[in-house]
Structure formats: structure tokens, C-alpha cells
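Everything on this sheet refers to the single structure shown next.
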Amino acid sequence: MGIFVDLDVMMARRKISLGELAGKVGITNANMSILKTGKAKAIRFSTLEQLCQALDCQPGDLLRYEKER
Amino acid sequence: MKWDMKHSVMLSRVFIVFFAILLLGVDVAGFLRVSRSWDLEDVIQPSQLMWIRICIYACSVPAWAALWELWQLMGRLSRGQVFTSETVKLLRIIAWCCFIVAAISFVCAGGVHFSVIVISVAAALMGLIVRMVKNVLEQGMAMKNELDYTV
């Protein structure tokens, strides 16, 4: 997939754990793990909004596009 | 009694058992040379009777296999495992069992009577319908996979 989720970087900057972030966003630890490990196939705008709110960042800080080779 | 999916699956299982009993009856009847007790020897020639037996026993194998796979399928449905690769595999096997029966009865039609080809056509059509259902379930599986990984 060409879209990558750089959750690790923002989580390290804000010093927040996976479980804590999952609780703030309102999704399960399992789903947060799916997102963090790059297994997610799609993300809802509502989830993205919650993530940006919890991490105090922009969507562009979390999502990165790379051309598939 | 409220009719729901659980009861529907149970009814399907009852039909499978009923069909298995029928199939067992056919297999035993073929062995017991039913034609003599039914006075069919005036109508059916010995060579035709041999082809009928060949058809019955050769078709029995894929029929029993299909019944077993159907039973497994009902088990999976009762556990909520609908859109899975295993379910798709079971449907694929059932479809091929139908096609095998179609092929066997097509060959036997030559030895028994041309009208037996109707069984071949019916079995082939059933196999085709099961394959279509398998394709639909495959699409459903892809959609479920997409949904499961939507955060």
C-alpha cells in the first residue's frame, strides 16, 4: 500500500502509550495495533479526527504517501 | 417458536440427514437388485441394469462427499464462520462433486437411455449455481476483510 501511518513518531513525541491513545481515540487496542503496524486498509475520518485531537497534530503528520515500486 | 437463523441451519441439517438416508437407501437398493422384486426385468435389460448400477455407485461417491461437505458447511454457518476461505473451499468442493456426477451420468446415459442425460444437465446446473454462490461468498469475504481492517 502507498499510504503509511507514522503513528510511532507522534506517539513518541507526545509520550503516549498505545493503550492510552486507543482509549482517547475510542477504539480498541487491537484496532490501534492494526493501525500502528500498517495492516489497516482504511481509516474513517472520525478516527483520524480523534487521532489528530489526541496527538495535537495535523493529518499530514500521521499519513505519508510513497510511490509503490 | 420464533424462526431465526439458528432454526434455519438446524432445518438444513435435518434435510442433509434425510437426503443421506435416501442416498443410503438407493445404495442398498442397488445392491439388493431391486429390479427383480419390482418386476422391472421386462422393461430394463440386463445391460441397462448394469449401467444403472454403475451410475448409482459411481455417483454415490461424489454425492456422499458433497453431503459431508454440506454438513461441515452447516457447522461453520452455525459458528458464524460465513465469509471465510474455508467456507469458500467447501462450496468449491461441492460444486465439483456436482460436476463429477454430471460427467458420470452423461457417460452412463449412453448405456442406459438417452433420457438419463436430464440428470447430467440437472447436476451440471446445480454445480454452476453452487459455483456462483461460491463466487459471491468470495466477494463477501474480500468486503469483510476490508471492513475488518477499517479503523
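Any idea how far the Cα center of the range B:75-134 sits from the one of the range A:1-30, in Å? Comparing the Cα centres of the range B:75-134 and the range A:1-30, I get a distance of 49 Å.
For peptide B:141-150, what's the mean number of Cβ atoms from other chains within 10 Å of each residue's Cβ? The partial results should precede the final answer.
On the way: counts 0, 0, 0, 0, 1, 2, 2, 5, 8, 8.
Average neighbour count from other chains, rounded to a whole number: 3.
Helix B:117-148 and the long axis of chain B differ in direction by around 10°, with both axes built from C-alpha atoms. Shape of chain A from the C-alpha gyration tensor: prolate (a/c of 1.5 or more and a/b above b/c, with a ≥ b ≥ c the square roots of its eigenvalues). Give the angle, between 0 and 90 degrees and rounded to the nearest 10, that separates the Cα long axis of helix B:85-109 from the longest principal axis of the Cα atoms of chain B. Its long axis makes an angle of about 20 degrees.
Evaluated at 37 °C with a viscosity of 0.692 mPa s, what Stokes-Einstein diffusion coefficient in µm²/s does chain B have when Rh comes from the Kirkwood expression over alpha-carbon pairs? Before the final figure, lay out each step's value.
Numbers: Rh = 17.5 Å.
The Stokes-Einstein estimate is 188 µm²/s.
Dipole of chain A computed with +1 at Lys/Arg Cβ and -1 at Asp/Glu Cβ about the Cα centre; of A:ALA30, A:VAL5, A:LEU63, farthest Cα towards the positive end is A:ALA30. Size descriptors for the protein assembly as shown (Cα atoms only): Rg and Dmax, in that order, 28.3, 93 Å. For chain B, the longest principal axis of the C-alpha atoms and the axis of helix B:46-78 are separated by about 20°.
What is the calculated FRET efficiency for A:ARG13 to B:GLU146, with r their C-beta to C-beta distance and R₀ = 45 Å, to the nearest 0.05?
Details: r = 31 Å, r/R0 = 0.69.
Between A:ARG13 and B:GLU146 the formula returns 0.90.
Among the cysteines of chain B, those whose beta-carbon sits 4.7 Å or more from every other cysteine beta-carbon are B:CYS59, B:CYS97, B:CYS98.
Since every read-out is calculated from the coordinates, none of them should be taken as a lab result. Just so it is clear, the model here is predicted, and its values are computed rather than measured. Quick reminder, even Gly has a Cβ in these numbers, built from the backbone with ideal geometry, and neighbours come from all protein chains shown.
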